Amino acid sequence: MNAQLISLFAAETFEVPANIAFSIIAIFMVIAAIRVVTTDNVVHAALWLMVVLGGVGLNFLLLQAEFLAMTQFLIYLGAIIVLFLFGVMLTRAPLGRSDDLDNKQRPIGIVVGLLVLGLVSYSVIKTFGSDKLDFSAYDGSQAVAGNNRTEALSDAIFSQYLIPFEVISVLLLAALIGAIVIARRD
Amino acid sequence: MWFLTHAWIIPALMALSFLLILFFGKKMPKKGSEIGIAAIGIAFILALLTAGSWYTHNNEEVEGHGDAAAMADVQEGCSNEVDHLAAEDHGEETEDAGDHEGEEPTDVGDSDEGTDDHALGQSDSGEYAAPAATSTAVASEGEEEHVTRPVVRCAAWAEIGTPGSSLITWGTMVDGQSVLMLVVVTLISLMVFIYSSEYVSGDRRYTHYFAFLSLFSASMLFFVLAQSTIQMIVGWELVGVCSFVLIGHWWEEKPNSNAALKAFLTNRVGDIGLLIGVAILYFAAGRSFSILDLNILAANGGISHGILLVASVCLIFAVMSKSGQFILHTWLPDAMAGPTPVSALIHAATMVVAGIYMVARLYPVFFEGLSISGSSVNFLAIVGAVTAMFGALLAFVQKDIKKVLAYSTISQLGFMVTALGVGAWTAALFHLFTHAMFKATLFLGAGSLSNAAHHSFDMVNDMGGMRKVLPRTFWTFIVATAALAGIFPLSGFWSKDEILAGHGSLFSAGGNGTYHVMLVMLLIGAFCTAAYMTRTIWYAFYGEFRGHGTPHESGSRITVPLIILATLGAVVGVLNLPEEIGPFTFPESISLQFEHFVEPVGAYFPTISHAEFNIPLAIFSLALALSAVLLTYLYYWKGAFKFLHGLSERNRVAGLGKTILVNKYYFDWLYTDVITGFVKGPAARATNWFNQHVLDGIVDGTAKGAVVAGQFVYENIDQKVVDGAVNGAAITTSEAGGVLRHLQTGRIQQYAALFFAAAALLAGVFVVAIG
Amino acid sequence: MTDFLNDWGLILITFLPLAGALVMLAVPKESEETQKTIALVASGAAFALGVAFLINFDYDSAGVLQYVVDNEWIPIINSRFILGIDGISLPLLALTVLIVPLVIIYSWNHIPSPGNPKAFLALILLLETGMVGTFVAQDLILFFVFFEIVLLPMFFIIGVWGGPDRKYASIKFFLFTLFGSALMIVSFLALYFMSAEQTFDMRILQELGGLDIARTTQILIFGGMFLGFGIKVPMFPFHTWLPDAHTQAPTQGSVILAAVLLKLGTYGFVRIALPLLPEGAQWWAPIIAVLAVIGIIYGALACLAQTDMKRLIAFSSVAHMGFVMLAVATLTDFGINAAVFGMVAHGLITGMLFFVAGSIKERYHTLEISRLGGLLISAPKLGWILGLSAMASLGLPGLAGFWGEFPAILSAYEPAPMLSEPLFRTLMVIAALGTVLAAGYLLWMYQRTAMGTPPEEFADDPEITDVNTAEWISWTPMLLLIVVLGFFPSLIFNMTNPAATAIAAAATGG
Amino acid sequence: MLLTQFLLLAAILFSIGVYGVIVRKNGVLVLMSVELMLNAVNINLIAFSTYHGLGGQVFALFVIAVAAAEVGVGLAIVLLIYRNRRSVDIDQLDELKG
């Protein structure tokens, strides 16, 4: 497939089903997210979170960031959720329902949340209005074909963003060690 | 010629011997003494060969004329003046005789043929006018022109100052005077080395002893051969330090190390004079240390009289310390704390005459500076005469045989200095020569005596009647004493008489000036010398043995050197027989040989006149000496002059005199207790107090002041004014905080809510108002 | 080889020790042998370079700077990174790179308490960089930087490894020298702003010869330098930090302090103050000479009152540096030659004396002269070495000390034409008197410590042993040099003479 | 597809996350809310990257990495708190109270 074909595919053929898919996914995600912050079962919260994260991954796919999507599935769904579940269990959180998961700031939380939402929505709509997505920036200077987008990504990581990448690796290492140091029994 | 140009081998050999003994001595079968004896033996033979070589060189027909020819053996670059002369002479020569090879002085190098050719070339090309700076002596004598041709070799030592004109050199300056000293030093050293191998055998530091004896010989020879004054300083100080080490040879005992220190420090005091004198002469001679330059300039009016006077007074100061002249003589008797052979070598025969040698070496400086000619008094002569007389008086009250000899040495050195002071240059050196022989004999004899008397030198309490047990020591001692007293025909008679005649006073004529007072003082000194030596012989050899144990004669390694030296001391007088004694005339071939050998004639030496031998003076001084011997003999042996016995106890004046003598004119008290005591005690303590309290006090005070000021600033300004403002602000803040603290719930989530709300509001302001 | 030396020689010799110090930081604290080896290798490499310089140096043109390195450094103040050596720098450079390895060898088994060879050796290497840099820097700011670098390691060496009173001594040392440095940098800045070129380049400034600065200004600027350098020398009356610092410093510190650090001051006078400010120098010369001679006599008298051996040697430094300063103050070629020789000789001899004193302290645990005695019996070789050093110190001919002392006295007889002859001649006589006092205090010290029989308390002390291997290795080169320089002074004078002649000419405006 | 739809979705998720952070008492749940916010940001990043090149994706990747680290450390802290206090109630952590 050449670049033209992709853009064609993206622009027209895929337009409607993608929008439909997005709507469904978005609804599920919003519901799931709300459940995450409102459910009274910790384990359920984790499971709902899984739904949200999966939705995010699907969104990535829609945005044609397939590598990121894969990463999202692998790391979030695979690793982080497991980590949360471990956390839940290790802290002896009540596995069933409990009435004591929220504090008394619910009104404040709602106000602040809506405030943030309103403001962000206002500025997003005001700024971008009805801009259409085009994926031309992905192709940029290089002719992209097949898997080459991932290739370009890796190129970007290991050339332009090499130093941040290294810093992140060190950070990961530090976090790893830090976590061990903090959590170990001594 | 080879020996004259390579005289440096002799001191180098001894220095090598020093190093060998120091590093390998202890491993040798005889602990290093054999290295020393072998080295000094070779050195002695070399010195004799050098002397022979000099004799031939000196008697060679002088080819060519003028000083340039005389200085032809001076290596290029060793002396600016000589180079100057040579260039001048050479210039004239090439003018007159165009056929000459034109051998430039620059390529002389070290080839002796070159210089000889140069001289030959001159003789070929006929007569030349003497250059400007020529010696009038040569010309005025008229007859045959005998000019001394010193052989000078040098090497660059260092260059300080404008390149090309301020080279400091070291090297050898060989002429009769230095050859004489070479022989004296090596001869006495050889005898002392042999003597020591028995005398100090089994000593705790036998090897070191020989090492430093070698080093001493090396330094002394280095000094004697010096080509520049700075080299003289080096040699001068090095012999000083060897003397220090050897006097303090048995440093475990405090008095010995005290004596060593005293010797070194006293010499250091004199060295101030040497350093300053040399500095003055260096600049006066146009930045040159070369002895030849100095002498040529001084002898020919190249240096102003005033400068020469100051320089010679400074140098006399140095002579006072090194040669034990009043008022810096006090170290010499104490120096007897060292082993006896050391006293013989260093403190009688060689090192102490370094001062005499230095004056003789730089004689033009003194001759011109002190106006010796035609005068009747000068500083040098006074110092010498005073020393000669008062030193001899001191010898009377000593109980220690070595101290008697030490004062005798001081007195005899006084004779030499006086001789130099009155212009009797040859006489001084001749006396130096003869004195070295018989005084070494006396010291070594004293050592032999103490060997028998259980290492005591107290002749009053531990000796007596030794003549039967120590016959060889006795007879050599007698001969040397007679020589010292100046009994005809032993060597001392001839040399002393020459000195006396040189005063140009009382019966004699032909001296450089008329030094009446000095002559009288020397005659008193000579009288005393004969008397105290007779006294010494009485105490040591006659009467009953007062010590304990059974004394015995020393071994052959002690007695053989004694016999050799005594023989020499007896006969060397013939080396300088006068030309005529009354009706007798000695053939030229045997008269005044010493003078011809030693005394330089030429541009680098002043014109001095020589006194004739004078029969009335000789008879008078001989009579004085004999009468002294006789009177003392009567006093001690026959118990005559009863009223004199115990006089000092009865008579106030005599008692006072004796007290003064016993206390050595209070010089020791003055130096040790008053001056040194003051410097070491109050002066040093005051300085230290000043340092600790005043200077350090200022420093510490400043620091403390800074701290106090800081504290003041801190307490008043910082704490009250600045802090006041700060505190005021703080109090306000704190009260406001008290109000606001209720906002601080510690609940993170509240903070988060506030944070998000605030952020959203702020962003809203931006978006709505600006965007 | 020549190219290499030209391009890299001076940079390497200056910074190799620093590199060694940095490498040493990476070595774990426990592996002391490695640390010592690194220190030795670094300073040894510097020494090898020093030897290469000595061999390749062009002695015929010792009066001009050689091996010049000239790079941009701080363009905003027109300060450049200029290194170079001439006949004045070279002997001192050689002395420095010789002494430091010897000190490190000596430290092999003499690390002073409280131990920690890593820090100790690293500080010594840092010190070496500072000292070498001072001798080769040809830019005033660069010179100042190196001059100050020296201060800190020495402060720590005294303050950490010193004797019981180390805090007082180290702070005194630090503040004293810092005070001088402050005035010195002010002088440098004044020189910069006053001179036409607005540069710190000593070569240019020397060429200008202060011609464009008014006489009174020169005198003031020289005054600042006088304090800065004079404190370091140290000259009377700024010397009081020296005895305390020496007494409290560990042996190695004392040796470096005496051997090299004091020379920074005199070197500053010769290299900077005299040629850059001729008229100031001529005004100050009599004052310097008088203070120098007071220092000679004063130091000697103070020595006589000391009861502690190290303190005595410290005061003798005051006296000896007095000779050096007297020679400098004559403003003659003779004097400056004598001064540089005197610096080298004093470095070797007093360094040696401090080494011996340190070894005695280690064996006897005291330096109280009245308690010592009989060293020649207890440890004969140590005693002889002390004797030789003492003899060299009192200016015995045939040993190195003489060639610093005698020419100094000599030069005072005929100072530069614009100086008062009677004054300098009087000073000459007084200075000569100082040589007698020097003999006095050194020999009395020697008599009381080395001669006689050992006192009861030390009679059979098994700790009192003779010179050991490390000591032999570190001392032999110094002892040899003391003797060799005594007989062949031209080894030094060959280097210094052309340079000294040039400086004397610059200082007298000729 | 419009850019805005993704951005709005992200905004909603973010606000919900903010709500969760403010309201939830259990430490683990707070962390989950934080994850919500981070994912919202990621969506934004990817959406914008369609305009501006791969940088956005790269940063999203980094955010994921950092989030993983954050979760790790955060959970460790929560664990520690639990171990010390037998509770993960954030309400009780009021040492910061003035």
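The values are calculated or read from the model by the stated rules, or taken from the named source; none is laboratory data. Note that this is a predicted model, so its numbers are computed, not measured. As a convention, Cβ positions derive from the backbone with ideal geometry for all residues, glycine included, and neighbour counts pool all protein chains shown.
Out of all the residues in the stretch B:263-280, which are more than 10 Å from chain C (Cβ to nearest Cβ) and in contact with a Leu (Cβ under 7 Å, 6 or more places away or on another chain)? Explain how you work it out, then say what you get.
First, pick out the residues of the stretch B:263-280 that are more than 10 Å from chain C (Cβ to nearest Cβ): B:263, B:277.
Result: B:277, single match.
Tallying residues that are under 30 Å from residue A:17 (Cβ atoms) and within 7 Å of chain A (Cβ to nearest Cβ) within the stretch D:30-39 yields 3.
Report the residue count in the stretch B:582-622 for those that are assigned to a helix (DSSP H, G or I) and of a type in the set (Phe, Trp, Tyr). I'd like the intermediate steps shown before the answer.
Taking the stretch B:582-622 first, the residues assigned to a helix (DSSP H, G or I) are B:593-598, B:615-622.
Imposing the further condition that a residue be of a type in the set (Phe, Trp, Tyr) reduces the set to B:594, B:597, B:620.
Of the residues in the stretch B:582-622, 3 are assigned to a helix (DSSP H, G or I) and of a type in the set (Phe, Trp, Tyr).
In this entry, residue A:87 is excluded by the filter for residues that are within 17 Å of residue A:33 (Cβ to Cβ), touching a Gly at 6+ places or on another chain (Cβ under 9 Å), buried (at least 18 other Cβ atoms within 10 Å of the Cβ) and at the interface with chain D (Cβ under 9 Å from one of its Cβ atoms). With respect to the conditions (1) within 7 Å of another protein chain (Cβ to nearest Cβ); (2) within 30 Å of residue D:54 (Cα to Cα); (3) surrounded by 13 or more Cβ atoms within 10 Å (Cβ to Cβ), residue A:132 lacks only one, and its number is (3). Of the residues C:425, C:448, the single one that is basic (Lys, Arg) and over 18 Å from residue B:279 (Cβ atoms) is C:448.
Can you name every residue in the stretch C:463-494 that is assigned to a helix (DSSP H, G or I) and within 11 Å of another protein chain (Cβ to nearest Cβ)? Even if it seems obvious, please write down each step before you answer.
Pass one, the stretch C:463-494, residues assigned to a helix (DSSP H, G or I): C:469-487, C:490-494.
Hits for the stretch C:463-494 are C:483, C:485, C:486, C:487, C:490, C:491, C:492, C:493, C:494.
Go through the stretch B:248-258 and give me each residue that's closer than 18 Å to residue B:352 by Cβ and touching a Gly at 6+ places or on another chain (Cβ under 7 Å). Even if it seems obvious, please write down each step before you answer.
Filtering the stretch B:248-258 for residues closer than 18 Å to residue B:352 by Cβ gives B:248-249.
If the condition is that a residue be closer than 18 Å to residue B:352 by Cβ and touching a Gly at 6+ places or on another chain (Cβ under 7 Å), then B:249 is the only one that fits.
Conditions tested, residue by residue: (1) in contact with a Leu (Cβ under 6 Å, 6 or more places away or on another chain); (2) of a type in the set (A, V, I, L, M); (3) surrounded by fewer than 24 Cβ atoms within 10 Å (Cβ to Cβ).
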residue: C:109; (1), (2), (3): no, no, yes
residue: C:139; (1), (2), (3): no, no, no
residue: C:144; (1), (2), (3): no, no, yes
residue: C:149; (1), (2), (3): no, yes, yes
residue: C:157; (1), (2), (3): yes, yes, no
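Filtered by the rule that a residue be closer than 25 Å to residue D:90 by Cα and among the hydroxyl-bearing types (Ser, Thr, Tyr), the stretch B:711-754 gives B:745, B:751.
Would you check if residue C:115 is over 18 Å from the mean Cα position of the chain (by Cα) and surrounded by fewer than 19 Cβ atoms within 10 Å (Cβ to Cβ)? Please lay out each step first, then the result.
Numbers: over 18 Å from the mean Cα position of the chain (by Cα): yes; surrounded by fewer than 19 Cβ atoms within 10 Å (Cβ to Cβ): yes.
Spelling it out, residue C:115 is indeed over 18 Å from the mean Cα position of the chain (by Cα) and surrounded by fewer than 19 Cβ atoms within 10 Å (Cβ to Cβ).
Checked against the criterion of being in contact (Cβ under 8 Å) with a residue 40 or more places away in the chain, facing another protein chain (nearest Cβ under 7 Å) and not β-branched (Val, Ile, Thr), the candidates D:47, D:69, D:65 yield just one match: D:47.
Test residue B:240 against the criterion of being within 23 Å of residue C:395 (Cβ to Cβ) and at the interface with chain C (Cβ under 10 Å from one of its Cβ atoms), and give yes or no. Against the criterion (within 23 Å of residue C:395 (Cβ to Cβ) and at the interface with chain C (Cβ under 10 Å from one of its Cβ atoms)), residue B:240 qualifies.
I'm checking my understanding of the structure. Among residues of the stretch D:51-62 that are in contact with a helix residue (DSSP H, G or I) (Cβ under 6 Å, 6 or more places away or on another chain) and at the interface with another protein chain (Cβ under 7 Å from one of its Cβ atoms), which one is surrounded by the fewest Cβ atoms within 10 Å (Cβ to Cβ)? It would help to see each step written out before you state the result.
Narrowing the stretch D:51-62 to residues in contact with a helix residue (DSSP H, G or I) (Cβ under 6 Å, 6 or more places away or on another chain): D:51-54, D:56-60, D:62.
Pick out the ones that are also at the interface with another protein chain (Cβ under 7 Å from one of its Cβ atoms) and you get D:51-54, D:57-58, D:60, D:62.
Numbers: D:51: 16, D:52: 11, D:53: 19, D:54: 24, D:57: 27, D:58: 21, D:60: 26, D:62: 18.
Ranking the qualifying residues of the stretch D:51-62, first place goes to D:52.
Within the stretch A:90-113, the set of residues being within 7 Å of another protein chain (Cβ to nearest Cβ) and either in a helix (DSSP H, G or I) or modelled with pLDDT of 90 or more (or both) comprises A:90, A:106, A:108, A:109, A:110, A:112, A:113. When each of C:392, C:412, C:408 is tested for being within 12 Å of another protein chain (Cβ to nearest Cβ), closer than 13 Å to residue C:446 by Cβ, buried (at least 24 other Cβ atoms within 10 Å of the Cβ) and of a type in the set (Gly, Ala, Ser), the lone residue that passes is C:392.
Does residue B:309 meet the test of being modelled with pLDDT of 85 or more and buried (at least 24 other Cβ atoms within 10 Å of the Cβ)?
Numbers: modelled with pLDDT of 85 or more: yes; buried (at least 24 other Cβ atoms within 10 Å of the Cβ): no.
So residue B:309 fails the test.
When only residues in the stretch C:445-457 that are within 7 Å of chain B (Cβ to nearest Cβ) and surrounded by fewer than 22 Cβ atoms within 10 Å (Cβ to Cβ) count, which is nearest to residue C:392 (Cα to Cα)?
C:447
What residue, of C:300, C:273, is among the small types (Gly, Ala, Ser) and within 12 Å of chain B (Cβ to nearest Cβ)? If you could, list the steps in order and put the result at the bottom.
Values: C:273 fails: within 12 Å of chain B (Cβ to nearest Cβ).
Of C:300, C:273, the one residue that is among the small types (Gly, Ala, Ser) and within 12 Å of chain B (Cβ to nearest Cβ) is C:300.
Within the stretch D:15-29, the only residue that satisfies the criterion of being more than 7 Å from chain A (Cβ to nearest Cβ) and surrounded by fewer than 24 Cβ atoms within 10 Å (Cβ to Cβ) is D:27.
Filtered by the rule that a residue be at the interface with chain D (Cβ under 9 Å from one of its Cβ atoms) and in contact (Cβ under 8 Å) with a residue 60 or more places away in the chain, the stretch A:56-84 gives A:63, A:64, A:67.
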